[in-house]
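Colleague: Structure in structure tokens, see below.
The values are calculated or read from the model by the stated rules, or taken from the named source; none is laboratory data. None of these values were measured; they are calculated from a predicted model. Backbone-built Cβ (ideal geometry, glycine too); neighbour counts: all protein chains shown.
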Amino acid sequence: MNTTDTTIANARREFLLALDDTQVTGEFLRQFLAQAETATPDLLDSYAADEMLADIDAARSDWDVDYYRRQKRCAGYNFSKERLEHLIAVREYFRQGGYKGFVPQAVSNGGAGADKVSHAKREGAPSAYRPSSNLKKFVDEGDPLTIRTALRLELNDNRVTGQDLRNALAWAKGRQPDLLEPYADKNFARAIDPDRSQWLPEYYNNQIVYLKTNFSEERFLHLVEVREHLRQLGVEGFAPIAKPSTPSSQPAPRPRAASPMADQAPSAPPEAVTARPELNPIFKIALLFGGALAAVVIYLSLVK
């Protein structure tokens, strides 16, 4: 399997995972499919149905959770526009019907709630700390979901030090009270392992995925600690990169992929997201999803 095939396989996997994220709207998913169909036709298969792949059933009376799960499994083998659009439609039907596991949780937009943050909390980061333009942009917008993704992008940037990451979290937390979740050990978010002998790149990448499911302070700071441990060992892909003294005349270094689902995906430095936000509204989708799907969306938007 070549790099392109790996990237496509990872992006498909990320899309199917996004279907289970209650904070992702059907409109976001449809926009991604429209973008992918135009810019990356190889991402999508032709529709097929046979004895192994269940046909699409348009009768809503037959739509139950088992039907949805069966169609989702089939989409893993037949990643077609028709099947994916059908999955989104069934998913929307369940959301409107209040089905457990499909209804999005209410998330504060940071408006009135942000006014309640004390001055002391706002001073969590040193006064000399200056957030990246990407992080500042999304903190100013006040959406916890995109702030979380901006922080994950900071983790992936080898120019950023461990102390900068701690400061970034403290700074963002002080300005967005709904940013962090309580630490939880659950499905898709396994427990933190304090045994440093287990802190390998695969462990780090898994914890990145778990952070997406359970964005807690403990997980983020643990990732910073594991990242620094791997840096000290000189593990490939984790070595620190010096920030260029003249950013305007030197190319920005390429950040590491966000997860094992994005190891081969094309990526862009966080500043690239901020530098051309007007290019395409698909950037919002990229920031929401993260992982390989984000890398593919950002890459497609930049090259179009």
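Colleague: Hey, can you tell me all the residues within the range 206-231 that are more than 21 Å from THR146 (Cβ to Cβ) and surrounded by fewer than 18 Cβ atoms within 10 Å (Cβ to Cβ)?
Modeller: Answer for the range 206-231, where residues must be more than 21 Å from THR146 (Cβ to Cβ) and surrounded by fewer than 18 Cβ atoms within 10 Å (Cβ to Cβ): ASN206, GLU218, GLU225, GLU228, HIS229, ARG231.
Colleague: Right, another one. Only one of (1) modelled with pLDDT under 50; (2) closer than 20 Å to LEU16 by Cα; (3) of a type in the set (A, V, I, L, M, F, W, C) is not met by ALA272, so which one is it?
Modeller: Among (1) modelled with pLDDT under 50; (2) closer than 20 Å to LEU16 by Cα; (3) of a type in the set (A, V, I, L, M, F, W, C), ALA272 violates only (2).
Colleague: Restricting to the range 188-199, name every residue that is outside any helix (DSSP H, G or I), at negative phi and touching a residue at least 12 places away in the same chain (Cβ under 8 Å). Before the answer, list the steps.
Modeller: Narrowing the range 188-199 to residues outside any helix (DSSP H, G or I): 188-195, 199.
From the residues that got through so far, the ones that are at negative phi too are 189-195, 199.
Correct list: ALA189, ARG190, ILE192, TRP199.
Colleague: Any idea how many residues of the range 143-161 are in a helix (DSSP H, G or I) and farther than 18 Å from GLU236 by Cβ?
Modeller: First, pick out the residues of the range 143-161 that are in a helix (DSSP H, G or I): 144-156.
If we keep only those that are farther than 18 Å from GLU236 by Cβ as well, we get 144-154.
Total meeting the criteria: 11.
Colleague: Here is a check on your reading of the model: is VAL235 hydrophobic (A, V, I, L, M, F, W, C) and part of a loop (DSSP other than H, G, I, E, B)?
Modeller: Details: hydrophobic (A, V, I, L, M, F, W, C): yes; part of a loop (DSSP other than H, G, I, E, B): yes.
Yes: the conditions hold for VAL235.
Colleague: Okay, next question. Of all residues being part of a loop (DSSP other than H, G, I, E, B) and touching a helix residue (DSSP H, G or I) at 6+ places or on another chain (Cβ under 7 Å) in the range 162-187, which is surrounded by the most Cβ atoms within 10 Å (Cβ to Cβ)? Just the residue, please. Let's see the steps before the verdict.
Modeller: Keep residues of the range 162-187 that are part of a loop (DSSP other than H, G, I, E, B), which gives 176-185, 187.
Subsequent filtering for residues that are touching a helix residue (DSSP H, G or I) at 6+ places or on another chain (Cβ under 7 Å) retains 176-180, 183.
Details: GLN176: 23, PRO177: 17, ASP178: 17, LEU179: 21, LEU180: 19, TYR183: 15.
If we take residues in the range 162-187 being part of a loop (DSSP other than H, G, I, E, B) and touching a helix residue (DSSP H, G or I) at 6+ places or on another chain (Cβ under 7 Å), then GLN176 is surrounded by the most Cβ atoms within 10 Å (Cβ to Cβ).
Colleague: Looking at (1) surrounded by 12 or more Cβ atoms within 10 Å (Cβ to Cβ); (2) within 24 Å of ARG95 (Cα to Cα), find the lone condition where ARG69 falls short.
Modeller: (1)
Colleague: Considering each of TYR77, TYR93 in turn, give the residue that is among the hydroxyl-bearing types (Ser, Thr, Tyr) and out of contact with any Phe, Trp or Tyr (no Cβ under 9 Å at 6 or more places or on another chain). Break it down into steps so the answer makes sense when it comes.
Modeller: On the way: TYR93 fails: out of contact with any Phe, Trp or Tyr (no Cβ under 9 Å at 6 or more places or on another chain).
Residue meeting the stated conditions: TYR77.
Colleague: Taking only the range 33-65 into account, find how many residues are surrounded by fewer than 10 Cβ atoms within 10 Å (Cβ to Cβ), of a type in the set (Asp, Glu) and farther than 24 Å from ARG95 by Cβ.
Modeller: Of all residues in the range 33-65, those surrounded by fewer than 10 Cβ atoms within 10 Å (Cβ to Cβ) come to 41, 46, 50-52, 58-59, 61-62.
Right, trim to of a type in the set (Asp, Glu) and you get 50-51, 62.
From what is left, the residues that are farther than 24 Å from ARG95 by Cβ are 50-51.
Adding up the residues that qualify gives 2.
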